[in-house]
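The structure appears right after this line, and notes come after that.
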Amino acid sequence: MTFGSLTDFFYLIAAALFILALRWMSQPATARRAVAAAVAGMLLAVGGTLLNPEIVTYKWIAAGAVAGTLLGIPLARVPLTAVPERTGLSQAFGGMAAALVGTAKYYLWLAEGDLTQFRMAVVAGEVILGCLTCTGGLMAAGKLAEWITTRPVTYRGQNVVSFLLLGAAAVLAVALTIDPTQAWMFPIVIGLALVFGVLLILPIGGADMPTVISFLNSYAGLAAVAMGFVLENKLLIAAGALDGASGFVLSIIMCRAMNRSVTNVLFGAFGTVQAAARAAEQRTVKSATPTDAAELLANAESVVIVPGYGMAVAQAQHRVRDLYDQLTKRGVDVRFAVHPVAGRMPGHMNVLLAEADIPYDRLVEMDDINPEMPQVGVALVIGANDVVNPAARTDAQSPIYGMPIIDADRAQAVLAIKRSMNPGFAGIDNDLYYANNTLMLFGDAKQVIGDVVKELTGEGGGH
């Protein structure tokens, strides 16, 4: 078997492993197997590429591997709360790689006289997608890390300006495809695509970032497909297609979970209206102490815990596990209801609960738990906002009206842990906190749940 045949064999196995990884990633019980399969597939892909007989020197490959390793090690060590912004950075790097490869190939083929119209069209598509994914990923990471404002930034005629920029880039790309020797247009295409990536993310609020991350993943996949055509790499085409298709399908699923259209998510500036409308309202809430909460939870027959981003910020998942252990010891039926868009990236809550070794069979889908909520003794909401806001059902003027939510308000009692009464990430006030059956527990989720656990174990001062 030649090195070329061995490369093709490795690529074939790697493609199969990528498909299996996607399949296994759809279930919590098989998610760890999916990660192992994806890692094995990537190792085979890299190994097969290094065996390619067309490689002239390994010097620059080694330099790139060292640089990537030095950059990847600190990124791999970020806390789980920073994973969403790290995902945004990863997508930015992926887009940048596609754009750089496309740029290098353009000038190389132009100098060698090998720049056909087909190649030019592919390079143009790759560069546009790569550049907008690069700056879009950086902006998403900035918003998720709150380095820049998480609120939508809007101005008059914003969408018109954005699409004029994209349209201008597309027109120049077509002109370049007709006559690839017009090299002066190429840097303009790059610049327009980079600016469009920034403008694409500016009007998007923090609440939509999980969906945006998924869309950017789709763009990065399409850029990888184009890069595969440029490099004539079959595995890159296959992997990019899987990435792009899965990211797009996940985006659609998340839009449906919010009962919103794709255009509303990307261009609706969600999170600006309701905050202003509610600013002047003064309503009262009822608060409770950890002692009150422990007594209520211990006497309940069933408890449904609804985790949100507040749990991630406080890193409270292990205290949640302690609470789960204490309640189940008392015979309380404890389950976890996870909304599809809870947190700041797809699957954010599932990852945190898995880290705390919460049994998979205790996680319940939103559609399955909602019919049972009126029979639930206590709904414990930990740092979740919009996904439990009854305004989605009752307030036709609310921007989240029609969005499917977890019906925590229909439980017999609600305990909501929150640092303050400030609106959530989307800037929308939550009617749940003012309901008659809701008691607020103010403070850091990790501290509050730790105090509740102490009360249950008799270590607190309340017993």
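The values are calculated or read from the model by the stated rules, or taken from the named source; none is laboratory data. Everything numeric in this text was worked out from a predicted model, so none of it was measured. In this analysis, Cβ positions are derived from the backbone assuming ideal geometry, glycine residues included, and neighbour counts consider all displayed protein chains. We work out accessible area using only protein heavy atoms, side chains counted, and drop any ligands, DNA or RNA first. Shrake-Rupley method; radii C 1.70, N 1.55, O 1.52, S 1.80 Å.
Spelling out what I want: for every residue of the stretch 408-414, take phi, set θ = phi - 60°, compute 6.51 cos²θ - 1.76 cosθ + 1.60 (Karplus), and round to whole Hz; glycine and proline get x.
Each residue's phi maps through the Karplus curve to give 4, 5, 8, 5, 5, 8, 10 Hz.
Keeping all protein chains in place, calculate the accessible area per residue for the chain (probe 1.4 angstrom), answer in Å².
Values: 21130 Å² over 463 residues.
I get 46 Å² per residue for the chain.
Tally Lys and Arg at +1 and Asp and Glu at -1 over the other residues with C-beta under 15 Å from the C-beta of residue 224: what net charge comes out?
Numbers: positive: 105, 234; negative: 126, 232, 243.
Net charge in that neighbourhood comes out at -1.
How big is the Kirkwood radius of the stretch 144-251, worked out from every pair of different alpha carbons and given in Å to one decimal?
On the way: mean 1/r = 0.0637 Å⁻¹.
With all distinct Cα pairs of the stretch 144-251 included, I get 15.7 Å.
For the chain, which whole percent of the accessible surface, found with a 1.4 angstrom probe, sits on carbon and sulfur atoms?
Details: 13340 of 21130 Å².
For the chain, the apolar C and S fraction of the accessible surface comes to 63 percent.
Under 14 Å between alpha carbons, and skipping anything fewer than 8 positions from residue 329 in its own chain: which aspartates and glutamates qualify?
Residue 329 reaches 301.
Mind checking the dipole of the stretch 1-159: about its Cα centre, +1 per Lys or Arg Cβ, -1 per Asp or Glu Cβ, Debye to the nearest 20?
Details: 11 positive and 7 negative charges, 122 e Å.
I would put it at about 580 debye.
Which ³J(HN,Hα) values in Hz, rounded to whole numbers, follow from the phi angles of the stretch 186-200 under the Karplus curve 6.51 cos²θ - 1.76 cosθ + 1.60, where θ = phi - 60° and Gly and Pro get x?
With the stated coefficients, the stretch 186-200 comes to 4, x, 5, 4, 4, x, 4, 5, 5, 5, 4, x, 5, 5, 5 Hz.
If I compute Rg and Dmax of the Cα atoms in Å from the structure I just sent, which labelled value in [x] 25.0, 83; [y] 24.3, 76; [z] 20.8, 66 lines up?
The value matching this structure is [x].
Short version: ³J(HN,Hα) in whole Hz for each residue of the stretch 376-393, in order, from phi by Karplus 6.51 cos²θ - 1.76 cosθ + 1.60 (θ = phi - 60°), x for Gly and Pro, what are they?
Ordered by residue, 3J(HN,Hα) equals 7, x, 9, 9, 9, 9, 10, x, 9, 10, 4, 6, 10, 7, x, 4, 5, 9 Hz.
Please list, in chain and number order, the residues 5+ apart from residue 305 or on another chain whose amide H is under 5 Å from its amide H, with Hs placed from the backbone.
Amide H to amide H, under 5 Å and 5 or more residues apart or across chains, residue 305 pairs with 335, 336, 337, 380.
For the chain, with the dipole built from +1 on Lys and Arg beta-carbon atoms and -1 on Asp and Glu ones, taken about the Cα centre, which of 231, 17, 116 lies farthest toward the positive end?
Positive-end residue among those listed: 116.
Please report the relative contact order for the chain, taking Cα pairs under 8 Å with a sequence separation of at least 6, and give it as a percent rounded to a whole number. Spell out each step's value before the answer.
Details: 778 pairs, mean separation 63.5, N = 463.
Reported relative contact order: 14 percent.
Please sort by residue number the GluC sites (Glu not before Pro) in the stretch 40-148 whose DSSP state is loop and whose Cβ has at most 10 other Cβ atoms within 10 Å. Can you show the working numbers first?
Working: sites: 54, 85, 112, 126, 146; in loops: 54, 146.
Those satisfying the criteria are 54.
Test of understanding: given the chain, find the longest segment containing no chymotrypsin sites (Phe, Trp or Tyr not before Pro) that are in a DSSP loop and have at most 15 other Cβ atoms within 10 Å.
Working: sites that count: 58, 147, 155, 184, 401.
Formally, the longest exposed-site-free interval is 185-400.
Would you mind checking 105/143; 59/105; 418/454; 143/454 for any pair whose Cα atoms are more than 26 angstrom apart? Walk me through the intermediate numbers first.
Working: 105/143 33 Å; 59/105 19 Å; 418/454 19 Å; 143/454 36 Å.
The pairs that break the limit, which is 26 Å between Cα atoms, are 105/143; 143/454.
So who's got an amide H within less than 5 Å of the one on residue 444, skipping anything under 5 residues away but keeping other chains? H placed 1.01 Å off N, in plane.
Excluding prolines and chain starts, which carry no amide H, there are no hits.
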